[in-house]
Amino acid sequence: RSIIAIAGMLVTSCLSPHQTVVTDTGGGTWSESAEIEIPNADTVTPRDLYIVVRYNDSFRDDTLRLTIRTISPDSLVFEESYTLGLPPRRHPAALAEEASVPYRRHVIFPDSGIYRMAFTPAMPVRGVEAIGINQQKSEQNRSEEHTSELQTRQYLVSRLLLEKKKRGGGGGGG
């Protein structure tokens, strides 16, 4: 029985390659917070997060300004303003368009439990039918974006000091 229980925990703790959680915004004009819950059992796998937006022909803009609030299972709150660039509509007016736009890369949710996210438009907006998050297991290879993140001034200075220390044996004069 204990082997079955352990196997069950391993299976449920692994992140499937894709997981999408979306909520309706109520139709018409969206102005209130739209909330989703993301269950998390995997505290080690890096994942990429994409904001998923379904919108119809009433949405006439190419950007959507949001406030995104994330609450961890232990009630830590992270809130930010975010401008989401949306691609132009490809379908006839009768069909809704769905966009999946990169939000965060190589994210690790450190706690097991339910993460809650709330999306609130900066101003009332028409035509947005649903919003949510798509999670994908991060690829092993570093992308150009990730590599460029590592090229920040702070990272480069730390790396140069470390290389200098290795070459100089930790002492001065080289």
### Task
State the percentage of accessible surface on segment 42-117 attributable to carbon and sulfur atoms; use a 1.4 Å probe and exclude ligands, DNA and RNA.
51
### For HIS106, residues with placed amide H under 5 Å, excluding near neighbours
ARG47, ASP48, LEU49
#### Entry: Qualifying GluC sites (Glu not before Pro) for segment 12-85 [loop in DSSP, other Cβ within 10 Å: at most 16]
GLU32
#### Entry: Local electrostatic count, ARG116, Cβ distance below 14 Å [Lys/Arg +1, Asp/Glu -1]
-4
### Extreme residue, positive dipole direction of segment 14-110, given options GLY28, ILE38, ALA99 (C-beta unit charges)
ALA99
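The values are calculated or read from the model by the stated rules, or taken from the named source; none is laboratory data. Keep in mind it's a predicted model, so treat the numbers as computed, not measured. As a convention, Cβ positions derive from the backbone with ideal geometry for all residues, glycine included, and neighbour counts pool all protein chains shown. What goes into the accessible areas is simple: the full protein's heavy atoms, side chains included, and nothing from ligands, DNA or RNA. Shrake-Rupley method; radii C 1.70, N 1.55, O 1.52, S 1.80 Å.
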